[in-house]
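Taking it in order: structure first as structure tokens, then the write-up.
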């Protein structure tokens, strides 16, 4: 089956927005989504790219832009109390959840915890509660997370090697699309892949 | 009449793409476009922002992305032999053209010269020929351009003061929209302004 790979970091608000739509986009194109958490900080370090919010005028604008997209998508969005968001524990935990077949619900639950409920996902007990909520043994997930250090690094490096420099990044085959605002191009590429 | 202000620099390929659509977008919303050339280099300097092509992985992607948009819009696009594009003379000349009521055709002609015909608009004779082509006295435009130094600076500073940090930048009233890929939001804002 044709698939889009969705590389995301919980620390990226545009990744959250994309997470609320990517499955519908793929479904319309008759395709699947492969969820692939990666570490955006590692991507920035490897590519020399910078967080978009470093420029004050841009940071002010991005907040407005994020709210516009949330309104268009009709999804909740609040700016987290803690920013930048310390996402490392949640990302590693996502790879634990993946081993147990729960990556997708876990991912959605973490995004909601941050951008709807303003919870601090750097705290192991918060991550454990999220994991519990999707049917995993929460404490075990949080404590197993550390073992995913290398797997997360490898997944991040793979994205960089394939050309990623920011988040969210989508691949249809080796075609790269960067940003929530490119989901329409992703859908077109999926439809073409299916037709071809 | 409701209007969208379109701040652009000839050096910005995404400004070129937007220039091919902004009038149609405004027309659909029953609005006008006010063309406002500004100096993107000055915007970067004032805001601390950087050209997006500075990161090699991003530069490679942007070229692909630009071609995708050109295909979607069904407009020609070629990467200019000279990049970054030395747009200062053409921008100042655009302000001369504006005094003579020819800003819009001059703007389109300069964008086509760069992104379709790959002409070097840093050369006064090239700018003079473009000005001739839209019914201006070409040589007079190129020689008068220097006198627009301060006017161009002032227009650039105005955009920065209102929150701009890149190009193209659109304003509907004081609502800022950045990027060719936000023209759909611009259209919605224009439609709302007309209804309100």
> So how far apart, in nm, are the two label points at residue A:192 and residue A:161 if each is 7 Å from Cα heading toward Cβ?
Replying inline: 2.5
> What would the Debye formula give as log10 I(q)/I(0) at q = 0.27, 0.31 Å⁻¹ for the alpha-carbon point model of the stretch B:49-90, no solvent?
Replying inline: -1.04, -1.07
> Per the helix-only calculation at 222 nm, which mean residue ellipticity applies to chain A, given -39500 (n - 2.57) for every DSSP H run of n ≥ 4 and division by its residues, nearest 500 deg cm²/dmol?
Replying inline: -16500 deg cm²/dmol
> Measuring from label point to label point, each 7 Å out along Cα→Cβ, what is the residue B:59 to residue B:99 span in nm?
Replying inline: 3.8
> So for B:55, A:172, fewest C-beta neighbours within 10 Å to most, what's the order?
Replying inline: B:55, A:172
>> I'd like the antiparallel share, as a percent to the nearest 5, of DSSP beta bridges with both residues in the protein assembly as shown.
In response: 55
> What is the distance, in nm, between label points placed 7 Å from the Cα along the Cα-to-Cβ direction at residue B:50 and at residue B:24?
Replying inline: 3.5
> Over the stretch B:3-193, what is the percentage of antiparallel beta bridges among all DSSP beta bridges, to the nearest 5?
Replying inline: 55
> Taking the Cβ-Cβ separation of residue A:175 and residue A:150 as r and a Förster radius of 22 Å, what is the calculated FRET efficiency to the nearest 0.05?
Replying inline: 0.20
>> Treating the point 7 Å from Cα along Cα-beta-carbon as the label, what are the nm separations from residue B:53 to the other copies, to one decimal?
In response: 3.0
>> Just to confirm the numbers: residue B:32, label point 7 angstrom along the Cα-Cβ line, distances to the other copies in nm, shortest first?
In response: 5.6
> Just which residue of chain B brings its Cβ nearest the axis of rotation onto chain A, and by how many angstrom, rounded whole?
Replying inline: B:181, 3
> Hey, how many Å between the Cα centroid of the stretch A:172-195 and the Cα centroid of the stretch A:60-135?
Replying inline: 24
>> Under the convention of a label 7 Å out along Cα→Cβ, give the distances in nm from residue B:1 to the same position in every other copy, shortest first.
In response: 5.1
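Where a number appears in this text, it was derived from the coordinates with a stated rule and is not lab data. What you see is a predicted model, and the numbers here were worked out from it, not measured in a lab. Here Cβ is always computed from backbone atoms with ideal geometry, including for glycine, and neighbour counts include all displayed protein chains.
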